[in-house]
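Okay, so here's the structure we're looking at.
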Amino acid sequence: MAAGPGIRPGAPGAPFASGRSARNYAHLVAEQLRLDLVDVTFSGATTAHVLTERQRSAAPQIEVLAGSEEVVTITIGGNDVGYVRLLMAASLPAVAQRLPALRELLDRDSRLQALGGISAALHTVGSAVRRRSPQARVIFVDYLTLLPAPGQPTKPLRPEHADLCRLVARRLEEATAEAADATGCELVRAADASRDHHGWSTEPWTTAAGWPLPWRPAPFHPNAAGMRAVAELVVERIRGTD
């Protein structure tokens, strides 16, 4: 979500498969505020990849922090609970959803179990980043809204699957806010700002269901307009005008 897979152009020198865009919100914020940017966003990252685990060739993201940072932005957690994988599974034909791996993704109890640890994981991320960069403004940025409100069409997602996806999204939003508050970090509420700009809207900030293709933004991810909108929210927060 933060890397911007499929938003062209790609970031120069980005690791293979990172999906890192030169027009993701971190790049846009740095341009507007004339900040030197170190971008370690990586498509598919989990909180473990932020803290302790390598992702392909990339070291844990937190290792880039040297303590001299002015601003650190964090968007993470969705991959811990299978958020986009759930959406992708929900958009497939019913016959495919009978496969064991997809049934597990679409199982409500399984998603609730995964969600059970996300608040603690985000709390750990916020605390760790603040220790590494004690002088920085550490800002959690939650996820753009991907689905319309209940009662609105979400084809090809069936209503019961869309409801489960909304539950995951709501819990991620709540857990991000809780972690920011508990660890003394700031919060940019991208989810709230984008309620009317979901992937099925007339002015979408995210993409709806579809096949992943390298020349366009990934399904269930921000598009270029969404990245610009998130960047504006972050800049407003930093400038104190939100």
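Within the range 36-45, can you find the residues that are under 18 Å from A224 (Cβ atoms) and within 13 Å of the chain's Cα centre (by Cα)? Of everything in the range 36-45, those that are under 18 Å from A224 (Cβ atoms) and within 13 Å of the chain's Cα centre (by Cα) turn out to be T41, S43.
Of the residues making up the range 41-59, those that are modelled with pLDDT of 95 or more, farther than 14 Å from M1 by Cβ and assigned to a loop (DSSP other than H, G, I, E, B) are T52, E53, R54, A59. Restricted to the range 118-151, and to residues there that are of a type in the set (G, A, S) and farther than 16 Å from V50 by Cα, the residue that is modelled with the lowest pLDDT is G151. For the range 201-226, filtering for residues that are modelled with pLDDT of 95 or more, in a loop (DSSP other than H, G, I, E, B) and surrounded by fewer than 17 Cβ atoms within 10 Å (Cβ to Cβ) leaves 3. Just to be sure before I move on: is A121 in a helix (DSSP H, G or I), hydrophobic (A, V, I, L, M, F, W, C), touching a residue at least 40 places away in the same chain (Cβ under 8 Å) and more than 15 Å from A169 (Cβ to Cβ) in the structure I sent? For A121, the condition - in a helix (DSSP H, G or I), hydrophobic (A, V, I, L, M, F, W, C), touching a residue at least 40 places away in the same chain (Cβ under 8 Å) and more than 15 Å from A169 (Cβ to Cβ) - is met. Whether any residue in the range 63-79 is closer than 17 Å to H161 by Cα and of a type outside the set (A, V, I, L, M) is what I want to check. Looking for residues that are closer than 17 Å to H161 by Cα and of a type outside the set (A, V, I, L, M), one finds at least one in the range 63-79, hence yes.
Here R166 does not qualify as more than 28 Å from L92 (Cα to Cα) and among the basic types (K, R).
So for the range 161-170 (the condition being in contact with a Lys or Arg (Cβ under 9 Å, 6 or more places away or on another chain), under 18 Å from V230 (Cβ atoms) and at pLDDT 95 or above), does at least one residue qualify? The answer is no; no qualifying residue exists. In the range 9-35, of all residues being part of a loop (DSSP other than H, G, I, E, B), under 19 Å from L144 (Cα atoms) and of a type outside the set (G, A, S), the one that is farthest from the chain's Cα centre (by Cα) corresponds to R23. In this structure, E63 does not satisfy being of a type in the set (D, E, K, R), in contact (Cβ under 8 Å) with a residue 60 or more places away in the chain and out of contact with any His (no Cβ under 8 Å at 6 or more places or on another chain). The residues of the range 155-173 that are touching a residue at least 40 places away in the same chain (Cβ under 8 Å) and either closer than 27 Å to T124 by Cα or of a type in the set (G, A, S) (or both), listed by number, are A162, L164, C165, L167, V168, A169, R171, L172.
The values are calculated or read from the model by the stated rules, or taken from the named source; none is laboratory data. All values derive from a computational prediction rather than experimental measurement. Quick reminder, even Gly has a Cβ in these numbers, built from the backbone with ideal geometry, and neighbours come from all protein chains shown.
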